[in-house]
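Heads up, the thing below is written out as structure tokens.
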Amino acid sequence: MPPTDHQSSFLNRISIRRNQVASMENNHDQELEDIELFQKHVAERLAELASTSADDSNEFLSIAWFRTLLDALLCCEAEFKAVLIIDRDPSHFIKPPLDRVGPELQDRCVKALDICNAVTYAIDLVHYWQQLAEIAVTSLEQRPIGDGQVARAKKVLNALLMFIADDNKEQTKSTERSWSFGRRGSGSTVSKDKDRGSKNFRYLNLAFHKSWSAAKEIQAMSANLVEPRGKEANGLAMPVYVMTSVLVFTMWALIAAFPCQERNGLPTHFPVAKNLNWAQSLISLQEKIGEEWKKKEKKGKGGLLDEVQKMEKVATSLVEFTDAFKFPAEEEKLKELEEQVKELSEICKKLEEDLAPLQQQIREVFHRLVRSRGEIMDLVEQASYMMGSSA
């Protein structure tokens, strides 16, 4: 991910300053300026994301929007490390407030790593849904179109809609997801498509212990997320709070969008300090996504990813066409069919092009969190060793 101009300037500034004499009297004042500038950059990135949601743009909750969100997270993480870790005296990590907020951040990072893994598997699942939609597109593009092509498309589209609609149900019922493109007990033969679907869902469901819950992970990450008060508000506890808030929001948004295991009970918001310059944009985004989640949850449907919602809508319309199909089809009906098939084809193409880069970005977030967590653990270990040696 290429850094922005102001990010490069910010990182260079901290690097140069910390290579100077560490005992300068104004060192604390400069650190406060760094923390303030870090919050300013976070505010700018969140404001950009909020502006996309405010104008009802087609990008909101799309893959492109989530890629922008992940870019923002990665930029914030790089600047956060510069403020908190680079060339810092290790003893700070075993003194207040870092001796308290540091371990809390580490624990939240572990949960974020699990969520990154869950979303990576979920992207594979969305890719499978895309493949089902492509089968339907291929069938419905045939000319002249007859009963055989329509029947195959109907079977695949019904399976696609069943998988999407069943997404939010308990994972203990996950075996029901591996039905064939007909209903269980229908006497239908086991097809190659059924085998592919069964393997795909087993792969997703076996990735995590059956008791693992995406909703509970978010609940744990957001618990006790409290704005620093008093002296801590002007110290290193503040950038930890800012970074934690951005991390929790990103993981929460990803879970709301992608079919992760056990999302029942996913909170529609988590507390954020309203008086900070970046908070209003984050609160606005929370409210917008929370409203969308409530709508989808009531319908018992899948996640909020824009491309999947559009796929679901077009697939539902095409199923209505297949239900009413009679050979030979009327010209007017064929024209409507062509438009809808074209729309579904374009959605599939977009997913084919964009899912892999998004998945790679999730992996980058995962590895970045692992590295940062390891660096903090090393500093704590150094500080403990130094303390033990001086005793």
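Observations on the model:
- Test: residue in segment 254-263 that is assigned to a loop (DSSP other than H, G, I, E, B), open to solvent by 10 Å² or more (accessible area, probe 1.4 Å) and farther than 23 Å from Leu98 by Cα: yes
- Glu217 vs. criteria open to solvent by 20 Å² or more (accessible area, probe 1.4 Å), part of a loop (DSSP other than H, G, I, E, B) and more than 23 Å from Ser281 (Cα to Cα): no
- Which listed residue is touching an Asp or Glu at 6+ places or on another chain (Cβ under 7 Å), at pLDDT 95 or above and surrounded by 14 or more Cβ atoms within 10 Å (Cβ to Cβ), from Leu46, Leu74, Leu69: Leu74
- Residue within segment 297-316 that is in a loop (DSSP other than H, G, I, E, B) and without any contact (Cβ under 8 Å) to a residue 24 or more places away in the chain present: no
- Hits in segment 220-235 - residues which are acidic (Asp, Glu) and not in a loop (DSSP other than H, G, I, E, B): Glu232
- Pairs meeting the criteria (first residue in segment 211-224 and farther than 12 Å from Cys260 by Cα and in contact (Cβ under 8 Å) with a residue 24 or more places away in the chain, second residue in a helix (DSSP H, G or I) and open to solvent by 30 Å² or more (accessible area, probe 1.4 Å), beta carbons under 8 Å, at least 6 apart or on different chains) are Ala220/Lys111; Met221/Lys111; Asn224/Glu104.
- Any hit, segment 83-100, residues being within 20 Å of the chain's Cα centre (by Cα) and surrounded by fewer than 19 Cβ atoms within 10 Å (Cβ to Cβ): no
- Residue in segment 340-359 that is among the polar types (S, T, N, Q) and within 30 Å of Glu104 (Cα to Cα) present: yes
- Here Arg143 meets the list (1) free of Cβ contacts under 8 Å to residues at least 40 places away in the same chain; (2) closer than 21 Å to Ala223 by Cα; (3) basic (Lys, Arg) almost entirely, failing just condition (2).
- Evaluation of Lys350 against the conditions (1) open to solvent by less than 70 Å² (accessible area, probe 1.4 Å); (2) closer than 30 Å to Leu70 by Cβ shows that the sole unmet condition is (1).
- Among the residues of segment 253-275, at least one is over 29 Å from Val83 (Cα atoms), of a type in the set (Asp, Glu) and touching a residue at least 60 places away in the same chain (Cβ under 8 Å).
- Taken across segment 224-235, residues that are buried (at least 20 other Cβ atoms within 10 Å of the Cβ) and hydrophobic (A, V, I, L, M, F, W, C) do not occur at all.
- Every test in (1) more than 30 Å from Leu98 (Cβ to Cβ); (2) loosely packed, with under 13 Cβ neighbours inside 10 Å; (3) of a type in the set (Phe, Trp, Tyr) is passed by Tyr385 save one, and that test is (1).
- Odd one out for Thr250 among (1) touching a residue at least 40 places away in the same chain (Cβ under 8 Å); (2) open to solvent by 10 Å² or more (accessible area, probe 1.4 Å); (3) not hydrophobic (A, V, I, L, M, F, W, C): (2)
- The numbered conditions (1) loosely packed, with under 14 Cβ neighbours inside 10 Å; (2) within 28 Å of the chain's Cα centre (by Cα); (3) farther than 30 Å from Asp87 by Cβ are all true for Gly302 except (1).
The values are calculated or read from the model by the stated rules, or taken from the named source; none is laboratory data. Keep in mind that this is a model prediction, so the values were computed, not measured. Neighbour counts are summed over all protein chains in view; Cβ atoms, including those assigned to glycine, are modelled from backbone coordinates with ideal geometry. Only protein heavy atoms, including side chains, enter the accessible area calculation; ligands, DNA and RNA are left aside. Shrake-Rupley method; radii C 1.70, N 1.55, O 1.52, S 1.80 Å.
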